[in-house]
Amino acid sequence: MKYVEPLKNKDDIKKISNYFKEQHKRNYLLFTLGINTPIRVTQLLNLRVIDVKDKEEITIMIGKRAILFPLGRNVKEIIQDYCKNKSDYDFLFTSIRIKNSIKPITKSQVNKILLKASINCNIDNLGASSLRKTFAYFYYKRTKNIRNLMKLLNHHDQYYTLQYIGENKNIFDNDFLEWEEI
């Protein structure tokens, strides 16, 4: 299994977003919801219409705790547009190929969807976990609050969280920028 990374560049996010917007509403919503919430892909895939339609916030299970996470205006608009012809108890992300599919797509299918998008948009190391990692990366960049991010991701180690968002590669760089010899 190859290591996937967060999208760290807003231009890359825009490219992928535009690709999905032109491709299919399901994939566009999956991508948008994935990068804007700390939800694991497996939790995303188990969401039903009733969990997100006409909601201001979404309930996310983090370990054994449930938190209410606010949905942004753009995400709510995409959800409303996508859900308008769906029944409340339908899974949000069902197969496009199988008519009247009642099962959600799998994480493996999400990986394939994102791999195809990454090839078309010329972006490397993209996979299902990139969605949550992207959220985490931008959360950390905005807040610099590693403790809250660790709680949101249910991580117990700061080093692992920094590794998860791809920030530990240069962990010592800032310390040595103006280093003087002893």
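Brief remarks follow.
- Here the stretch 1-81 is assigned +1 on the Cβ of each Lys and Arg and -1 on the Cβ of each Asp and Glu. Its dipole about the Cα centre then comes out at about 200 debye.
- In this structure, the amide hydrogen of residue 58, modeled 1.01 Å from its nitrogen in the peptide plane, lies closer than 5 angstrom to those of 69, 71, counting only residues at least 5 positions away or on a different chain.
- Net charge dipole size for the stretch 43-98 [Lys, Arg +1 and Asp, Glu -1 on Cβ; Debye, nearest 20]: 160 debye
- Here the gap between residue 68 and residue 21, fully extended at 0.36 nm per residue and compared with their Cα-Cα distance, gives a gain of 14.2 nm.
- Average accessible surface area per residue within the chain, 1.4 Å rolling probe, Å²: 63 Å²
- In the stretch 1-89, a dipole from Cβ-located charges (positive for Lys and Arg, negative for Asp and Glu) runs towards its positive end, and of 17, 63, 38 it is 63 whose Cα lies farthest in that direction.
- In order along the stretch 127-144, phi translates into HN-Hα couplings of x, 4, 6, 4, 4, 5, 5, 5, 4, 4, 4, 6, 4, 5, 4, 6, 9, 6 Hz, rounded to whole numbers, per the Karplus curve 6.51 cos²θ - 1.76 cosθ + 1.60 with θ = phi - 60° and x for Gly and Pro.
- Placing a pseudo-label 7 Å from each Cα along the Cα-to-Cβ vector at residue 158 and residue 14 gives an inter-label distance of 3.5 nm.
- Shown for the stretch 19-166: the carbon plus sulfur share of the solvent-accessible area, taken with all protein chains present and a 1.4 angstrom probe, equals 48%.
- Subtracting the Cα-Cα distance of residue 168 and residue 109 from 0.36 nm times their residue separation leaves 18.3 nm of extension gain.
- For residue 150, solvent-accessible area (1.4 Å; no DNA, RNA or ligand), Å²: 20 Å²
- The stretch 16-30 and the stretch 130-162 have Cα centres separated by 25 Å.
- Residue (of 160, 111, 135) at the positive-pole extreme of the chain, dipole from beta-carbon charges: 111
- Dipole magnitude (debye, nearest 20) for the chain, charges at Cβ of Lys, Arg, Asp, Glu: 1060 debye
The values are calculated or read from the model by the stated rules, or taken from the named source; none is laboratory data. These numbers were taken from a predicted model, which means no experiment stands behind them. FYI the Cβ positions are ideal-geometry reconstructions off the backbone, even for glycines, and counts take in every protein chain you see. In case anyone asks, the SASA skips ligands and DNA or RNA and just uses the protein heavy atoms, side chains included. Shrake-Rupley method; radii C 1.70, N 1.55, O 1.52, S 1.80 Å.
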